[in-house]
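A.B. asks: A single structure is presented below for examination.
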């Protein structure tokens with residue numbers, strides 16, 4: 001009888017595991033990213049302050065050419081009391097070519113009133129020196 005007990009227990013555990021019930025939580029769905037509007041696809045001029053109201057989202061759009069391994073990054077820490085990063089999207093000039101030059105559209109959220117800057121850096125590969133480093137002034141009302 002003892003010889004049958006262990007195989008029966010193991011079989012029961014195996015069948016329970018294969019029953020199709022999962023204890024893993026399902027992944028949280030990410031909300032769809034909005035398609036940038038025509039206005040959001042206009043290149044943002046760093047010499048013009050961006051004025052937004054608290055609670056709203058805004059974009060910064062820059063030209064990019066990812067083929068020679070160039071990419072944009074936030075170059076200096078954001079003032080989290082005033083703005084927060086939401087997402088970045090690449091809009092290629094030629095949608096059928098994944099390495100096409102185009103525009104990077106950065107979306108931020110205005111958290112609270114104040115004035116801050118957002119500095120983006122255009123880096124090649126893993127280098128520390130940015131080829132460009134525009135500074136955008138953001139005024140949140």
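A.B. asks: For the range 108-141, enumerate the residues that are under 19 Å from the mean Cα position of the chain (by Cα) and in contact (Cβ under 8 Å) with a residue 60 or more places away in the chain.
C.D. replies: 120, 122, 136
A.B. asks: Which residues, taken from the range 42-57, are surrounded by 12 or more Cβ atoms within 10 Å (Cβ to Cβ) and more than 18 Å from residue 88 (Cα to Cα)?
C.D. replies: 49, 51, 52, 54
A.B. asks: Oh, and also: In the range 112-141, how many are farther than 20 Å from residue 48 by Cα and surrounded by 14 or more Cβ atoms within 10 Å (Cβ to Cβ)?
C.D. replies: 2
A.B. asks: So for the range 45-61 (the condition being modelled with pLDDT under 95 and more than 15 Å from the chain's Cα centre (by Cα)), does at least one residue qualify?
C.D. replies: Within the range 45-61, none of the residues are modelled with pLDDT under 95 and more than 15 Å from the chain's Cα centre (by Cα).
A.B. asks: Please tell me if residue 35 is part of a loop (DSSP other than H, G, I, E, B) and either over 18 Å from the mean Cα position of the chain (by Cα) or modelled with pLDDT of 95 or more (or both).
C.D. replies: Criteria not met by residue 35.
A.B. asks: Could you grab me the full set of residues in the range 75-99 that are touching a strand residue (DSSP E or B) at 6+ places or on another chain (Cβ under 6 Å), surrounded by 15 or more Cβ atoms within 10 Å (Cβ to Cβ) and in contact (Cβ under 8 Å) with a residue 12 or more places away in the chain?
C.D. replies: 75, 79, 82, 83, 88, 89, 90, 91
The values are calculated or read from the model by the stated rules, or taken from the named source; none is laboratory data. None of the values given here were measured: they were computed from a predicted structure. Positions of Cβ are generated from backbone atoms using ideal geometry, with glycine treated the same way; all protein chains shown enter the neighbour counts.
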